[in-house]
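The values are calculated or read from the model by the stated rules, or taken from the named source; none is laboratory data. Fair warning: this is a prediction, and the values are worked out from it, not measured in the lab. Neighbour counts are summed over all protein chains in view; Cβ atoms, including those assigned to glycine, are modelled from backbone coordinates with ideal geometry. These accessible areas exclude ligands, DNA and RNA; they are computed on the full protein's heavy atoms, side chains included. Shrake-Rupley method; radii C 1.70, N 1.55, O 1.52, S 1.80 Å.
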Amino acid sequence: MKALVFEEYGGPEVLQWKDIDDPKAGPNDVVIEVKATAINYNDVWGRRGAPMEVELPHISGSDASGVVVDKGSEVTSHSIGDEVVVHCGRPAFNNRTGQECNIWGYDWPALDGAHGQYVRVPAENAVPKPTNLTHEEAASFPLVLVTTWRKLVEKAPVKPGDHVLIWGAAGGLGVMAIQIARLFQAHPIAVASSDEKLELCKDLGAEFLINRKTQDVRQEMRNIVGRRGAEVVFEHPGQATMGLSVQLCSWGGTVVTSGATSGYDANIDLRHIFFRQVKLVGSTLGTVHQLQDALDQVQAGHIKPVIDRVLPMKDAGQGQTLLETEEVAGKVILVPD
Ligand code: NDP
């Protein structure tokens, strides 16, 4: 089979589309023929080897939609020919939260990621593909969907009537956040860097739009919610936005964060945390049960995929660069041919 492998850290040029051995199912695994996969930001972190080194040689990819072509001797939950998507969280094994701690395709040891023609995953991570979606559409969801579901539904948690400030609202997490906020009768406030991206956010249900390049986010927030702030702030850019996120959060509201695209060294005025009793909550991935709950909403047509473009898998480097330069609205999908 062919897969996209890197043997050293660096730019997109380190990615090689090369022959490797076919994966073999262990007793509790399934092997999936990958029909489509997606690019996520952790593919970029892995390829750079920073801020955290990953195992080398490495195959990235944390999302897949495909067909089960082999299964281990102990697997009774799946049949050959099942159409599945993959939950990318490694079941909890060693942390106090009891929650997922490793991401498939990034830091899950000894398990290659989705950027190949075939993949092996534990059977418990393969869940039924929504029947109303193509493989390309289905591959656009799992990681960003489950991460956003946990952030908004479990961690915030978002309530009817809340204002939800969503950074990077046209990005992978953002397009899910708009739709999930709407699903829970909240008011999504979308922030993005272009009017084209904001048009997409509006189509997805954003009630308020802020162009962070041409408008003053603080002033626009004041126009929308007054001095009160947003009950929920959906954080992930990190260093560039975290200080403002805390200031724009309402009294007793929640800033829920899962990323640090622009850097880790955030500068926070702590007076806003303790005087106004703002909650700063961390979140990563979600459980396979949370993914299934969210996929039920996909199957019901309440959450839709947002695909920026589809590329051949061997051109993943080009797709990664689009993420790095913030040119993507929704998801970049990869297909093997
Ligand atoms: P995308 O690249 O799809 O979207 C990120 C968006 O962030 C961009 O579209 C951009 O929007 C916005 N952004 C980037 N830099 C800045 C900045 N300096 N100020 C304000 N906005 C900025 O990525 P994802 O949505 O898939 O992921 C976002 C982050 O979350 C990544 O760091 C990723 O690693 C992390 N993540 C963490 C997970 C976890 O479980 N912990 C799971 C999934 C993602 P615009 O330019 O339009 O404003």
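What is the packing order of peptides 316-323, 260-267, taking the mean over residues of other C-beta atoms within 10 Å and listing the highest first?
316-323, 260-267
Determine one quarter of the surface area of the Cα convex hull of region 61-179, which equals its mean projected area, and express it in nm² to one decimal.
9.2 nm²
Express as a percent, rounded to the nearest 5, the fraction of DSSP beta bridges in the chain (both residues included) that run antiparallel.
50 percent
Just the accessible area for Asp296, please: 1.4 Å probe, Å², rounded to the nearest 10?
100 Å²
Could you work out what % of the accessible surface of region 176-332 is carbon and sulfur, using a 1.4 angstrom probe and leaving DNA, RNA and ligands out of the count?
C and S fraction of accessible area: 49 percent.
What residue among Ile303, Ile210, Ile273 has the largest mean-square fluctuation in a Gaussian network model of the chain, using Cα springs under 10 Å?
Comparing Ile303, Ile210, Ile273 in the GNM, the peak value goes to Ile273.
At a probe size of 1.4 Å, how large is the accessible area of Lys71, to the nearest 10 Å²?
70 Å²
Of Gly286, Ala123, Pro157, which is farthest on the positive side of the dipole of the chain, counting Cα position, with +1 on Lys and Arg Cβ, -1 on Asp and Glu Cβ, and the Cα centre as origin?
Among Gly286, Ala123, Pro157, the one farthest towards the positive end of the dipole of the chain is Pro157.
Taking only Cα atoms, what is the 0 to 90° angle, nearest 10, from helix 172-183's long axis to the longest principal axis of the chain?
60 degrees
How large is the convex hull of the Cα atoms of region 231-337 per residue, expressed in Å³ as a whole number?
Residue-normalised Cα hull volume stands at 140 Å³.
What is the angle, in °, between the Cα long axis of helix 195-204 and the longest principal axis of the Cα atoms in the chain? Nearest 10 is fine, range 0 to 90.
On a 0 to 90 degree scale, this one is about 80.
Between rounded, prolate and oblate, where does region 148-289 land on the alpha carbon gyration tensor, with a ≥ b ≥ c its root eigenvalues, rounded for a/c under 1.5, else prolate if a/b exceeds b/c?
rounded
Assign unit charges at the C-beta atoms only (+1 for Lys and Arg, -1 for Asp and Glu), then state the dipole size of the chain relative to its Cα centre in Debye, rounded to the nearest 20.
The dipole of the chain has a size of about 1400 debye.
Just check the chain against the gyration tensor rule for me: Cα atoms, a ≥ b ≥ c as the square roots of the eigenvalues, rounded for a/c under 1.5, and otherwise prolate or oblate depending on whether a/b exceeds b/c.
It comes out prolate by the Cα gyration axes.
If you plug each phi of region 287-301 into the Karplus form 6.51 cos²θ - 1.76 cosθ + 1.60 with θ = phi - 60°, what whole-Hz ³J(HN,Hα) values come out, in order, with x for Gly and Pro?
Once rounded to whole Hz, the list reads 7, 5, 5, 5, 4, 5, 4, 5, 5, 4, 6, 5, 4, 7, x.
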